[in-house]
Amino acid sequence: MIEFSCVTKHYGDITAVDSVSFRVEDGQVCVLIGPSGCGKTTTLKMVNRMLDASSGEISINGRNVSELAAEQLRRGIGYVIQSVGLLPHMNVRDNIAIVQRLKRVDRRQRYRRADELLELIGLDPEQYRLKHPHELSGGEAQRIGVARALAADPPILLMDEPFGAVDPLNREVLQTEFLRLQRALKKTVLFVTHDLDEAIRLGDTVILMKDGQIVQHDSPERILAAPRNQFVRDFVGADRALKRLSCFPVEGYIREAQQIAQQDAASFSNGGRGPDSVVWVYGADRALVGMLQRSSSGYKVITLKPEEVGVVPLSSMKEALSRLLGQGIRAVPVLDQRNCVIGEVRLPDIEELNQAVL
Amino acid sequence: MLPFVEFKPNRVAEGDPFHLWGLGLTWEPWLLAAIVAAALLLALSGEGPRVRAAKVAVGSALFAATLLVALRAGAILVTEATPFGRVGPISGFWIAALASFLIVEGSLRTASWNPMIKGAIRVLPLAIATGALASGALDSFAMVQEYINRADRFSQELTTHLRLAAVAVMAAVVIGVPLGIVAWKRRLLERPVFTLVNTIQTVPSLALFGLMIAPLALLSRQFPLLRAMGVQGIGAAPALIALTLYALLPIVRNTYTSLSVIPNAVIEAGNGMGMSRRQLLRFVEAPLSVPIILSGIRTSVVQAIGNTTVAALIGAGGLGVFVFQGLGQAAPDLIVMGVIPIILLAVLIDRGMAVLIGLVTPPGLRKDTL
Ligand SMILES: Nc1ncnc2c1ncn2[C@@H]1O[C@H](COP(=O)(O)OP(=O)(O)OP(=O)(O)O)[C@@H](O)[C@H]1O
Ligand SMILES: [Mg+2]
């Protein structure tokens with residue numbers, strides 16, 4: 001548990017953080033969000049004493065951080081910085097293993113752990129462990145940054161815009177991965193972002209800051225449904241109904257899907273289903289290859305790319321909606337890791353969810 | 001064709017130029033001509049790995065043949081009848097040698113061969129020349145004669161030269177690296193530090209050596225202790241000080257640069273994961289900056305080898321002694337005898353440092369060095 005009580009930070013005349021109090025429960029993700037310069041990074045850095053508070057108290061599991069040795073404290077807290085900061089002269093494996101090296105864990109064990117983490121963040125160890133940072137894409141580097149923070153298995157994670165340098169599409173992939181990891185690992189996370197969708201999707205609670213002060217600290221749904229004042233309303237924007245879809249993972253809205261093997265597709269005949277129903281076509285390894293569409297001469301197969309149309313159970317309903325609109329179809333397939341269809345999300349369900357808020 | 005070698009009946013006499021075919025040699029000039037023709041043909045035959053390999057071979061052969069012709073010329077021209085006679089390579093020889101170097105180096109530069117093989121090819125002509133020297137086949141050469149007459153003195157001055165340069169560079173490292181670090185850590189000191197080392201660099205070396213004389217002579221007179229340590233207006237002390245001052249700039253500059261190019265994010269990440277000050281130095285700062293500092297030292301050493309030549313003027317010794325003796329006695333061969341080892345030393349040390357830098361550069365950074 002991380003607890004801030006009346007924490008203030010001055011830089012000379014500037015008050016970067018102004019009497020802030022909040023608490024992050026164990027195993028929860030708390031997202032700090034707000035306009036640039038509102039004090040998010042400063043707040044985060046005071047937790048691991050990269051900065052010391054001017055006044056007030058920060059405690060971790062009841063112990064005041066200012067009474068702990070900074071180096072020891074930091075080794076027990078995973079830290080993902082805004083600009084990644086991989087060590088350019090070390091390969092990926094050594095980068096991930098560095099905290100354990102500081103803790104004098106022996107090499108074999110460190111390397112085993114590094115491979116484990118590469119698996120965990122979805123990068124093939126064979127392919128990546130000996131690469132150097134300059135050979136990585138921005139998104140890969142950020143994932144390695146997250147893996148490095150996780151390596152020593154710290155109970156607490158501080159993440160400063162960890163997906164900031166990634167394009168929107170890959171950012172959604174990384175967010176999904178983060179949710180999957182967080183389900184398994186149950187860390188206590190303080191997460192900074194600029195992106196409201198990200199905050200809503202990842203946070204158990206969201207703290208909206210302005211000029212160093214907390215404006216509203218609430219669940220994502222409450223922030224959207226009950227903005228405390230005009231600032232929050234403006235920040236959330238007019239499309240908060242749409243944003244609210246980010247709160248819900250697809251997994252609660254999966255419907256059974258109709259699917260058919262590729263070789264049987266030619267002989268398909270409509271079994272009297274309504275106009276909403278889509279028939280997915282799978283190939284040899286049961287992976288999605290396309291969908292059936294009615295044409296003048298019966299049905300034909302339209303080829304689809306699974307990664308372009310599909311979502312996974314941890315994707316948000318907003319993502320599902322954008323896939324629906326992007327592809328112009330009435331349902332999106334929900335895929336497992338091997339791209340097999342495990343169900344679908346249908347437009348009426350999204351509409352219903354959307355209406356609930358208005 | 002240009003005259004190839006010259007013959008002098010004695011040390012200071014004017015030389016008689018001899019052409020390649022005027023030496024009374026039989027097949028050797030034809031061999032050389034054939035190799036030159038082959039080189040010309042190759043120059044016209046485009047690019048490609050095979051052409052490149054052929055160029056390296058022909059270039060190396062050109063050097064060997066040039067040396068061979070010069071050797072044979074020496075054997076023919078210097079006989080019992082002319083005990084003080086000596087031959088010297090002149091324009092034709094030098095042009096052939098230079099052409100050989102350009103052909104080999106030009107092809108090696110673009111070749112993607114194993115660095116070991118490349119190194120071996122570069123060292124080969126040096127090895128051949130050294131072999132020829134050791135076997136006594138070059139004894140009739142003027143430079144070599146100058147050397148034989150002073151063999152003891154030569155090795156003594158060579159040692160002095162190396163020692164002066166090495167001590168000066170070491171002192172410059174001891175002073176320069178901390179100075180670079182201070183300039184980086186304390187922004188206020190950055191300007192004064194760089195103004196100082198830059199200004200030193202702009203003083204002509206001769207003037208700087210001269211400048212050392214007066215204050216040191218004064219100090220020596222004032223403090224008997226210093227005098228007892230050998231500090232005087234002339235000799236090793238002023239030379240070392242001047243050489244050290246010269247060697248500072250590249251070291252200070254590269255130290256400063258090496259620290260300034262470490263990304264802030266990397267330092268922050270190091271601190272953020274709980275590195276102590278020492279661990280940050282060991283895991284982050286040193287691996288990233290040492291290669292750059294070393295390349296500053298590389299520049300300094302090469303410069304120091306050259307600058308040490310001038311140290312002979314204030315009585316510090318070194319290979320410059322021969323150069324200035326040669327100037328004084330109007331004996332060009334003596335000058336050349338002093339200059340060639342200086343050049344060779346500089347080149348060898350430069351290559352050696354390059355290899356060392358390659359070794360200490362972590363693989364993740366290697367793409368843009370060397
Ligand atoms: N080292 C510093 N010295 C002086 N002022 C600083 C320093 N670091 C931050 N500030 C100021 O403190 C305020 C909060 O900065 P902080 O970095 O916490 O903002 P942020 O919310 O993380 O912004 P961003 O979203 O742009 O990363 C800003 O006004 C900034 O200018
Ligand atoms: Mg920030």
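Simple point charges give the picture: +1 on the Cβ of Lys and Arg, -1 on the Cβ of Asp and Glu, and for the protein assembly as shown a dipole about the Cα centre of about 1180 debye.
Grab the DSSP H runs of chain B that are 4 residues or longer, score each as -39,500 (n - 2.57), total them, divide by all residues and round the 222 nm result to the nearest 500 deg cm²/dmol. Could the numbers behind the result be given before it?
On the way: 15 runs with 271 residues, N = 370.
The per-residue figure over chain B is -25000 deg cm²/dmol.
When both the range A:68-102 and the range B:120-146 are represented by their alpha-carbon centers, they are found 57 Å apart. Taking the centroid of alpha carbons for each part, the range A:314-334 and the range A:145-163 are 30 Å apart.
Anything over 28 Å Cα to Cα? Flag those among A:LYS186/A:LYS318; A:LYS187/B:LYS185; A:LYS9/A:LYS187; A:LYS131/A:LYS243, in the order listed.
From A:LYS186/A:LYS318; A:LYS187/B:LYS185; A:LYS9/A:LYS187; A:LYS131/A:LYS243, over 28 Å: A:LYS187/B:LYS185; A:LYS131/A:LYS243.
Cross-link partners of A:LYS103 among aspartates and glutamates, defined as those whose alpha carbon lies under 16 angstrom from its own and excluding same-chain residues fewer than eight positions apart: A:GLU71, A:ASP94, A:ASP153. Near A:VAL17, the amide H atoms lying under 5 Å from its own belong to A:LYS9; only residues 5 or more places off or on other chains count, and H is placed 1.01 Å from N.
Considering only B:GLY320, B:VAL310, B:ALA269, and ranking their Cα positions along the charge dipole of the range B:151-360 that arises from unit charges at the beta-carbon of Lys, Arg, Asp and Glu, the one farthest toward the positive end is B:ALA269.
Per-residue ellipticity at 222 nm from helix content only, as computed over chain A with -39500 (n - 2.57) for each DSSP H run of at least four residues, stands at -9500 deg cm²/dmol. Each residue of the range B:273-282 is assigned a 3J(HN,Hα), and the resulting list reads 8, x, 6, 7, 3, 5, 5, 4, 4, 6 Hz, derived from the Karplus form 6.51 cos²θ - 1.76 cosθ + 1.60 (θ = phi - 60°), x at Gly and Pro.
Taking other Cβ atoms within 10 Å as a rough exposure proxy, A:ASP285, A:ASP336 sort from fewest to most as A:ASP285, A:ASP336. Between the residues B:ALA97, B:LEU44, B:GLY22, the greatest Cα displacement towards the positive end of the dipole of the range B:5-142, with unit charges on the Cβ of Lys, Arg, Asp and Glu, is found for B:LEU44.
Taking B:PRO49, B:PRO287, B:PRO332 in turn, the Gaussian network model of chain B (Cα-Cα springs below 10 Å) assigns the largest fluctuation to B:PRO49.
Under a 5 Å amide H cut-off, with hydrogens placed 1.01 Å from N, A:SER316 pairs with A:VAL250 among residues at least 5 apart or on other chains.
Would you list, by chain and number, the lysines whose Cα falls below 26 Å from the Cα of B:LYS55, excluding same-chain residues fewer than 8 positions away? Excluding near neighbours in sequence, the set is B:LYS118. The loop-placed chymotrypsin sites (Phe, Trp or Tyr not before Pro) in the range B:58-98, going by DSSP, that have at most 11 neighbouring Cβ atoms within 10 Å of their Cβ come out as B:PHE84.
The distance from the alpha carbon centre of the range B:243-312 to that of the range A:206-236 is 49 Å, rounded to a whole number.
Among the GluC sites (Glu not before Pro) in the range B:1-78, those placed in a DSSP loop whose Cβ has at most 11 other Cβ atoms within 10 Å are B:GLU14, B:GLU47. Of the GluC sites (Glu not before Pro) found in the range A:1-101, those in coil by DSSP whose Cβ has at most 14 other Cβ atoms within 10 Å are A:GLU25.
The mean number of partner chain beta-carbon atoms within 10 angstrom of a residue's beta-carbon across peptide B:261-270 is 5.
Work through the residues other than B:ILE340 whose Cβ is under 15 Å from its Cβ and net out their charges, Lys, Arg +1 and Asp, Glu -1.
Working: positive: B:ARG150; negative: B:GLU146, B:GLU157, B:ASP333.
Its environment carries a net charge of -2.
Sequentially through the range B:101-116, phi angles give Karplus couplings (6.51, -1.76, 1.60; θ = phi - 60°) of 4, 5, 4, 5, 5, x, 6, 5, 4, 8, 6, 9, 8, 4, x, 4 Hz, Gly and Pro residues having no value and appearing as x. Sequentially through the range B:307-323, phi angles give Karplus couplings (6.51, -1.76, 1.60; θ = phi - 60°) of 5, 4, 3, 5, 4, 4, 5, 9, x, 8, x, x, 5, x, 3, 5, 4 Hz, Gly and Pro residues having no value and appearing as x.
Each reported figure results from applying straightforward, stated rules to the coordinates on display, with no laboratory input. Model, not experiment: these values are computed from the prediction. In this analysis, Cβ positions are derived from the backbone assuming ideal geometry, glycine residues included, and neighbour counts consider all displayed protein chains.
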